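What follows is one structure encoded as structure tokens, with my remarks underneath.
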Amino acid sequence: MHAKIVVLCILDGVGWGLRDDGDAVQLAQTPNLDRLMAEHPWCLLQAHGRAVGLPSDDDMGNSEVGHNAMGAGRVFDQGAKLIGEAIRTGRIWQSSAWKRAISGGTLHFLGLVSDGNVHSHVDHLEAMLRQAASEGVKRVRLHLLTDGRDVSGRSALTWIKPLEALMNELGQDYAIASGGGRMLITMDRYCADWPMVQRGWECHVMGQAPRFSSASEAIQTAYERDPNCNDQWIPPFVVGDYEGMADGDAVLLFNFRGDRAIEISRAFDEGEAFDETCFRRERRPNVRFAGIMEYDGDMHIPRHFLVEPPIIEGTVGEWLAKNEKRVFSISETQKFGHVTYFFNGNRSDAMPGEAQEEIASDTVPFEQVPAMKAREVTKRVVETLAAGDLPDLVRLNIANGDMVGHSGDRLATVKAMEVVDDCLGQLEAAVREVGGVLLVTADHGNADEMWQTKRTGKPGAVKVSYKRDEAGNPIPSTSHSLNPVPFVLVDHSGEWALAGAGQGSVCGGLAQVGGTLLRLCDVPVPNNYLNPLVVRRTNRKEEA
């Protein structure tokens, strides 16, 4: 049986939220999406945490890992394991960011120090310190954030004392310069508390905080002054005669998890506009800054990083190419790299038989143009379907839900979703006209949660509510959500059905989209892929 054309429509940042006033997806008038979900099989897919290779289920999904998972058909490690492998092979030391960092001046290391393995791991720091010494770096300063959250509440000295000993062992001018608790300085997330980042800047960069003879003394003093003090809340401190960073220094942020690394990265990387919108940096030394990873692939934060995403073998794109299938991939600039590079296993070149098209994004804030280029992307897909010489797979990303959602502007995001829905209606009509199969899903949530949430309770019984300011108003959210994403199967012929999932229930994870595409394109699904989400109906019975 000849396979039908398959269209994968990725509604970026459109998750399944609380379906209330904080949910722009629910608030928007979406007659097309509503109709498709009423008339066709659909379920929910996990798009965060371990389902996409992140260290824990507290980790929000993002566009990079989401597209990686869909294009790989399997879950690949992200974060800690990726860093560990780069250190083991020595690949990290060959990166341009590492070579740039050790090229002169004082080398500063900044990050969370513990073996919690959620935001960082002390082993990564120790490896970098030893490598710096072996490559002749003469002067190093450490800026250590104490944990108490992913490890025991008062375990900071477990990591600080061995690091102090290591400084002496390495025999160079290596020392701890500053520090403080992770919930008091530096590691804010989602732009919730910029003064927290400012306190970190003043401590690490400017050397302004209470002074102690050693980090151990600072921590022990905090314990003695407050018997209930948890490591998360250690007051900021500086050590010895440290006076701050200087022009020509280098700074490496060794946290691998992005959410609490983005803001301090922006403080190092961004220009004067940052001072007007976030906090005023009284002194901004000209340093060479890099993160251990790229924390935000949409905004390219930071500009320099040590470990590239992995090259993933055996992707959907490779299997389609081997079977001489033709693919058309398209998005606007903001998500073009995701629907091509990341979907294809972090490869820059198009696969054999793949045509790629990029529609230039607007260059103004997206809340001012919530339609973005959704209509232009949709028009090109509709034209392709009407042209007659059909590819086997069309892969498109509609960026509005995520990029407008990041603005925190709920009304603009509602408008964005209504444009997205109109485009979805056009796509569905065009796919139906050529007898194809339309899959509608997302890479992670965002527009579905426009107010900041707090989660209480144990796994399996988590309660979600909204955070509020002093006046009782919900606090806008500009981040991704932990919500699952819809997966809608639109096949008017009735040939295909969902594989055993109840309507609207969670039926798997994003990585299962990969095997689904291969099955629909009549390509054998590799044994190492996760199970496809669809089965073919035979005589009204479903069989795998």
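The values are calculated or read from the model by the stated rules, or taken from the named source; none is laboratory data. These numbers were taken from a predicted model, which means no experiment stands behind them. Positions of Cβ are backbone-derived with ideal geometry, glycine not excepted, and every protein chain shown enters the neighbour counts.
Here are the numbers for the structure shown:
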read-out: Some residue of the stretch 63-75 being among the small types (Gly, Ala, Ser), touching a strand residue (DSSP E or B) at 6+ places or on another chain (Cβ under 8 Å), touching a residue at least 40 places away in the same chain (Cβ under 8 Å) and farther than 19 Å from ARG347 by Cα; value: no
read-out: Selected residue (only one of VAL52, VAL7 is among the aliphatic types (A, V, I, L, M) and at pLDDT 95 or above); value: VAL7
read-out: Exclusive hit being assigned by TED's automatic domain parsing to the domain that holds LEU33, over 18 Å from GLN334 (Cα atoms) and out of contact with any Leu (no Cβ under 7 Å at 6 or more places or on another chain), set ARG432, ARG380; value: ARG432
read-out: Meets criteria (of a type outside the set (Asp, Glu), touching a helix residue (DSSP H, G or I) at 6+ places or on another chain (Cβ under 6 Å) and closer than 30 Å to THR378 by Cα) for VAL523; value: yes
read-out: Lone qualifier among GLY494, GLY436 - being buried (at least 22 other Cβ atoms within 10 Å of the Cβ), more than 27 Å from GLY258 (Cβ to Cβ) and small (Gly, Ala, Ser); value: GLY436
read-out: Residues within the stretch 451-466 that are part of a loop (DSSP other than H, G, I, E, B) and either modelled with pLDDT of 95 or more or exposed (fewer than 14 other Cβ atoms within 10 Å of the Cβ) (or both), tallied; value: 6
read-out: So ARG280, is it crowded, with 18+ Cβ neighbours inside 10 Å, in the same structural domain as SER120 (by TED's automatic domain parsing) and either assigned to a loop (DSSP other than H, G, I, E, B) or within 14 Å of the chain's Cα centre (by Cα) (or both); value: no
read-out: Hey, CYS43 touching a Cys at 6+ places or on another chain (Cβ under 8 Å) and either modelled with pLDDT of 95 or more or among the hydroxyl-bearing types (Ser, Thr, Tyr) (or both) or not; value: yes
read-out: Per-region count, the stretch 271-306, residues at pLDDT 95 or above, over 20 Å from HIS204 (Cα atoms) and in contact with a Lys or Arg (Cβ under 9 Å, 6 or more places away or on another chain); value: 0
read-out: Counted residues, the stretch 367-392 - those being surrounded by fewer than 19 Cβ atoms within 10 Å (Cβ to Cβ) and more than 22 Å from MET450 (Cα to Cα); value: 11
read-out: Flag if ALA156 is assigned by TED's automatic domain parsing to the domain that holds CYS203, in contact with a Gly (Cβ under 8 Å, 6 or more places away or on another chain) and among the aliphatic types (A, V, I, L, M); value: yes
read-out: Residue list for the stretch 401-426, restricted to those being surrounded by 24 or more Cβ atoms within 10 Å (Cβ to Cβ) and hydrophobic (A, V, I, L, M, F, W, C); value: MET403, VAL404, ALA416, MET417, VAL420, CYS423, LEU424
read-out: Search result, residues across the stretch 294-353 that are under 16 Å from the mean Cα position of the chain (by Cα), under 25 Å from ASP522 (Cα atoms) and surrounded by fewer than 21 Cβ atoms within 10 Å (Cβ to Cβ); value: ASN346
read-out: For LEU489: the one exception among (1) at pLDDT 95 or above; (2) farther than 29 Å from PHE76 by Cβ; (3) buried (at least 17 other Cβ atoms within 10 Å of the Cβ); value: (2)
read-out: Tabulated pairs, the stretch 168-181, first over 21 Å from ASP147 (Cβ atoms) and modelled with pLDDT of 95 or more, second outside any helix (DSSP H, G or I) and polar (S, T, N, Q), C-beta under 9 angstrom, 6+ apart or interchain; value: ASP173/THR106
read-out: Wholly enclosed helices (runs of 4 or more DSSP H) of the stretch 57-113 bearing at least 1 residues surrounded by fewer than 19 Cβ atoms within 10 Å (Cβ to Cβ) and over 21 Å from the mean Cα position of the chain (by Cα); value: 80-89, 96-101
read-out: Residue that is nearest to VAL434 (Cα to Cα), among those in the stretch 479-531 that are among the polar types (S, T, N, Q) and touching an Asp or Glu at 6+ places or on another chain (Cβ under 9 Å); value: ASN483
read-out: Exclusive hit being crowded, with 18+ Cβ neighbours inside 10 Å and closer than 19 Å to PHE237 by Cβ, set GLY153, GLY148; value: GLY148
read-out: Unique match (being touching a Cys at 6+ places or on another chain (Cβ under 9 Å), of a type outside the set (D, E, K, R) and either in a loop (DSSP other than H, G, I, E, B) or more than 23 Å from GLU164 (Cα to Cα) (or both)) among CYS229, CYS191; value: CYS191
read-out: Residue check for THR89: free of Cβ contacts under 8 Å to residues at least 24 places away in the same chain and β-branched (Val, Ile, Thr); value: yes
